[in-house]
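The values are calculated or read from the model by the stated rules, or taken from the named source; none is laboratory data. It should be emphasised that the depicted structure is a prediction, and the values quoted were computed from it without experimental measurement. So basically every Cβ, Gly included, is an ideal-geometry build from the backbone, and we count neighbours across all protein chains shown. Just the protein is used for accessible areas: all its heavy atoms, side chains included, with ligands, DNA and RNA removed. Shrake-Rupley method; radii C 1.70, N 1.55, O 1.52, S 1.80 Å.
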Amino acid sequence: GIEFIHSYVFNKVEHIRFNSTVGRYVGYTELGLKNAEAWNKGPQLGQERAELERVCKPNAALEYRAILDKT
């Protein structure tokens, strides 16, 4: 399977991350924890999951085929 990770970093500190394997946002700072709680209840969660289907899976299939063609 593939894993989609979308991190939100400010001043070199990761505050929040969406991980498709976990299936939700996880916060790493006080602000990140607050945002993760809100984003997991709002439309942002569905948007991240849609990106996995729209962008990641089709591109992963193309990359995989390209690798097989080279071998």
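A few points about this structure:
- Summed over the residues of region 1-49 and divided among them, the accessible surface reaches 69 Å² per residue at a probe radius of 1.4 Å.
- Inverse mean reciprocal Cα-Cα distance (Kirkwood Rh) of the chain, Å: 13.3
- Computed 3J(HN,Hα) for region 19-34, one whole-Hz value per residue from the Karplus formula 6.51 cos²θ - 1.76 cosθ + 1.60 where θ = phi - 60°, is 10, 5, 5, 6, x, 7, 7, 10, x, 10, 10, 4, 5, x, 5, 5, glycine and proline marked x.
- Averaging the Cα positions of each part gives two centres, and for region 38-69 and region 5-36 these lie 17 Å apart.
- Accessible surface of the chain, 1.4 Å probe, proportion on carbon and sulfur as whole %: 57
- Max mean-square fluctuation residue, GNM over the chain, Cα-Cα springs under 10 Å, options Lys12, Lys34, Lys57: Lys12
- Assigned charges on the beta-carbon of Lys, Arg, Asp, Glu; region 5-69 dipole about Cα centre (debye): 120
- Among Ala61, Ala50, Ala38, the largest mean-square fluctuation in a Gaussian network model of the chain, built with springs joining Cα atoms closer than 10 Å, belongs to Ala61.
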